[in-house]
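Student: What follows is a structure written as structure tokens; I'll ask about it next.
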Amino acid sequence: MDKSVVHKIHVANNAAARAKGSRMPTQPIKLYYLPPSPPCRSVMMTARALDIDLELVLTNIMQGEHKTPEYLKMNPQHTIPTMDDSGFILWESRAILTYLVNAYGRTDSLYPKNPRQRALVDQRLNFDLGTLYKRYMDLYAPMLFHGQGYNDEAAEKLNEALGWLNSMLEGRVFVAGDTLTIADISIVVVFSNLEAFGFDFSAHENVAKWFERTKKSLEPYGYEEIDQAGARMLASFLKKE
């Protein structure tokens, strides 16, 4: 099977947007990805929200396809997702999200230009990277990749981070304000996994309500086929351990 899978991402107003002269890539952006990967899923949904065409290049890290000489030359850190926009190489999903909106967004709604609004989005992205996603990985990576058992201490640390996010959401519709941003898209993939894994976060009322709102907001941008499907794939791996 050809590893390079071209996935043309279109929404209903794509042609109209192009006709208005909106900024778009001159050719499909290559995204080296694996469907279950949460960071890959956040990039794919953001691209769909921006009407950006992606050329999805399946990169099976379980078979070492991220450590070939060609891949290491492109990304010495050998991580996914990795983006190639006409020779401009970028990895780290949150950096890719900000780049896509800055380069191709018709509006700044997903990543506001207002300094204070953008600072909140940046803070939430950093909270995700350094705290929430890290604690999620501390709990589930040993289970997924090494067959280890459930770690109650790691679960408590994750639950603590969920409590902090719950407080951040007080009085807000989305994590950085009243509109959906890339911070929501980056964070929602963690919760899609937690839901698929059966982790109960219902005690965090603001978080639970935000999750339902965000899922509905992302339905037009492939939430079910990209994010939910990927989370279920990960959950199936977990059950095999």
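Student: Assuming a ≥ b ≥ c are the square roots of the Cα gyration tensor eigenvalues, decide whether segment 168-241 counts as rounded (a/c under 1.5), prolate (otherwise, with a/b larger than b/c) or oblate. Intermediate values should be presented prior to the final figure.
Tutor: Values: a/c = 2.72, a/b = 1.51, b/c = 1.80.
Here segment 168-241 falls in the oblate category.
Student: Set the Förster distance to 35 Å, then compute FRET efficiency between SER167 and PHE237 from the Cβ-Cβ distance, nearest 0.05. Intermediate results must be reported in sequence, preceding the final value.
Tutor: Details: r = 32 Å, r/R0 = 0.92.
Between SER167 and PHE237 the formula returns 0.60.
Student: Nothing charged except the Cβ atoms of Lys and Arg (+1) and of Asp and Glu (-1): what's the magnitude of the dipole of the chain about its Cα centre? Round to the nearest 20 debye. Provide the component values of the computation, followed by the final result.
Tutor: On the way: 27 positive and 29 negative charges, 142 e Å.
The calculated dipole for the chain is roughly 680 debye.
Student: Using alpha carbons only, how many angstrom separate the centre of segment 100-136 from the centre of segment 174-222?
Tutor: 15
Student: Tell me, in nm to one decimal, what length is gained between ARG118 and LYS157 on full extension, where the rule is 0.36 nm per residue of separation less the Cα-Cα distance?
Tutor: On the way: separation 39, 0.36 × 39 = 14.04 nm, distance 2.76 nm.
Working it through step by step, the gained length comes to 11.3 nm.
Student: With both bridge residues required to lie in the chain, what share of the DSSP beta bridges run antiparallel, to the nearest 5%? Please report the intermediate quantities before stating the final value.
Tutor: On the way: 12 of 17 bridges.
Taking every DSSP beta bridge within the chain, about 70 percent pair in antiparallel fashion.
Student: Which value, in debye to the nearest 20, describes the size of the charge dipole of segment 193-241 about its Cα centre when Lys and Arg Cβ atoms bear +1, Asp and Glu Cβ atoms bear -1, and nothing else is charged? Let's see the in-between values first.
Tutor: On the way: 7 positive and 9 negative charges, 8 e Å.
Value, rounded to 20: 40 debye.
Student: Rolling a 1.4 angstrom probe over the protein heavy atoms, how many square angstrom per residue are accessible across the chain? Kindly include the intermediate steps, with their values, before the conclusion.
Tutor: Working: 11760 Å² over 241 residues.
I get 49 Å² per residue for the chain.
Student: Same structure again: Roughly speaking, to the nearest percent, how much of the chain's 1.4 Å accessible area is carbon and sulfur?
Tutor: Values: 6130 of 11760 Å².
That fraction is 52 percent.
Student: Starting from the Cα-Cα distance between GLU225 and GLU70, subtract it from 0.36 nm times their residue separation and give me the gain in nm to one decimal.
Tutor: Details: separation 155, 0.36 × 155 = 55.80 nm, distance 2.99 nm.
In short, 52.8 nm is gained.
Student: With runs of 4+ DSSP H residues as the only contributors, calculate the mean residue ellipticity of the chain at 222 nm using -39,500 (n - 2.57) per run, divided by the residue total and rounded to the nearest 500.
Tutor: Details: 10 runs with 122 residues, N = 241.
Rounded to the nearest 500, it is -16000 deg cm²/dmol.
Student: Using the Cα centre of segment 98-153 as origin and beta-carbon charges of +1 (Lys, Arg) and -1 (Asp, Glu), tell me which of VAL121, LEU132, GLN148 is placed farthest towards the positive end of the dipole.
Tutor: The residue sitting farthest along the positive end of the dipole is VAL121.
Student: If you stretched the chain out fully between LYS134 and GLU205, how much longer would it get, using 0.36 nm times the residue separation minus the C-alpha to C-alpha distance? Display every interim value, and only then the final one.
Tutor: Values: separation 71, 0.36 × 71 = 25.56 nm, distance 2.20 nm.
Full extension of this stretch gives 23.4 nm more.
Student: Hey, how many Å between the Cα centroid of segment 24-41 and the Cα centroid of segment 152-171?
Tutor: A separation of 29 Å, based on Cα centres.
Student: May I pose another question? Within the set LYS73/LYS215; LYS134/LYS209; LYS67/LYS157; LYS113/LYS216; LYS134/LYS215; LYS30/LYS215, which residue pairs have Cα atoms separated by over 30 Å? Kindly include the intermediate steps, with their values, before the conclusion.
Tutor: Values: LYS73/LYS215 37 Å; LYS134/LYS209 23 Å; LYS67/LYS157 32 Å; LYS113/LYS216 25 Å; LYS134/LYS215 22 Å; LYS30/LYS215 26 Å.
Pairs exceeding 30 Å: LYS73/LYS215; LYS67/LYS157.
The values are calculated or read from the model by the stated rules, or taken from the named source; none is laboratory data. On a predicted model such as this, the values are computed, not experimentally measured, just so you know. Methodologically, a virtual Cβ is constructed for each residue, glycine included, from the backbone with ideal geometry; neighbour enumeration extends over all protein chains shown. Accessible surface areas use protein heavy atoms only, side chains included; no ligands, DNA or RNA. Shrake-Rupley method; radii C 1.70, N 1.55, O 1.52, S 1.80 Å.
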